[in-house]
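Participant: Let me begin by handing over the structure; questions about it come next.
The values are calculated or read from the model by the stated rules, or taken from the named source; none is laboratory data. Small disclaimer: the values here were computed from a predicted structure and weren't measured. Neighbour counts are summed over all protein chains in view; Cβ atoms, including those assigned to glycine, are modelled from backbone coordinates with ideal geometry.
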């Protein structure tokens, strides 16, 4: 059922938004994270085991709090984007966008005509409350938040043209894959990677669009917010759980040694 897009409002106000990566596909984790106060949840369908039905359950669970549901789709398949949007995604993240042509295709897949070519079945889909919101289709184009990812040296070169595409709300610089694209996988702190990041930043800012990213060496989430980034996510559910479990086991280790 339609609700105001909290994330879009935060970005429009020029404020930073904090999110979390949910890769395990577990609705209870989405519920906990939303209640914890995150601005948005990235339901990650690119990495991890989440199916579309599990993603829908996570969307329902997220509505326990105010967090906006941002679904990262596996790729640029317009049919998958349509299904995710019909299922109720309030925001969408599309990986590996290399040029303006691909960015325009993403927007077209996500918007109803005349702004795009998203197929219409509004009265029957979850996004409209299965027809309970008769105005859903009229509002959908304006309320949806579209984020595209720059994740290669080629995309960094095309950053301004990608960001300038009408309908792209924010550009997310994926520093991990960007580093890999220049032969430095897993080394986002290297000066060569930083140069690519700065090139992408300059292009996006020249187009007047906001930026998102993840932390990297020397740039915490707080640092990045200070640099003007607005959509920020560093923690992943699997990593957070592992860290908590490892700490719990370590805290109990003295008891085992005494035994």
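Participant: Does residue 160 satisfy the condition of being modelled with pLDDT of 95 or more and either over 27 Å from residue 208 (Cα atoms) or more than 18 Å from the chain's Cα centre (by Cα) (or both)?
Facilitator: Criteria met by residue 160.
Participant: Every residue in region 1-17 that is within 16 Å of residue 43 (Cβ to Cβ) and touching a helix residue (DSSP H, G or I) at 6+ places or on another chain (Cβ under 7 Å), please.
Facilitator: 5, 17
Participant: Can you confirm whether region 93-100 contains a residue that is surrounded by fewer than 18 Cβ atoms within 10 Å (Cβ to Cβ), free of Cβ contacts under 8 Å to residues at least 40 places away in the same chain and in contact with a helix residue (DSSP H, G or I) (Cβ under 7 Å, 6 or more places away or on another chain)?
Facilitator: no
Participant: Shifting gears a bit: Tell me the residue from 225, 195, 247, 233 that is closer than 24 Å to residue 33 by Cβ and without any contact (Cβ under 8 Å) to a residue 12 or more places away in the chain, please.
Facilitator: None of the others qualify; the one that does is 247.
Participant: Identify, please: which residue in region 146-164 is touching a strand residue (DSSP E or B) at 6+ places or on another chain (Cβ under 7 Å) and part of a helix (DSSP H, G or I) and is, among those, surrounded by the most Cβ atoms within 10 Å (Cβ to Cβ)?
Facilitator: For region 146-164, the residue satisfying everything is 162.
Participant: Could you check how many residues of region 123-140 are within 20 Å of residue 92 (Cα to Cα), in contact with a helix residue (DSSP H, G or I) (Cβ under 6 Å, 6 or more places away or on another chain) and free of Cβ contacts under 8 Å to residues at least 40 places away in the same chain?
Facilitator: Final tally of qualifying residues: 2.
Participant: Just to be sure I understand, how many residues within region 34-55 are surrounded by 19 or more Cβ atoms within 10 Å (Cβ to Cβ), over 18 Å from residue 214 (Cα atoms) and modelled with pLDDT of 95 or more?
Facilitator: Looking only at that region, the number is 2.
Participant: Determine which member of the set 143, 213 is surrounded by fewer than 20 Cβ atoms within 10 Å (Cβ to Cβ), in contact with a helix residue (DSSP H, G or I) (Cβ under 9 Å, 6 or more places away or on another chain) and touching a residue at least 40 places away in the same chain (Cβ under 8 Å).
Facilitator: 143 is the lone residue from the list that is surrounded by fewer than 20 Cβ atoms within 10 Å (Cβ to Cβ), in contact with a helix residue (DSSP H, G or I) (Cβ under 9 Å, 6 or more places away or on another chain) and touching a residue at least 40 places away in the same chain (Cβ under 8 Å).
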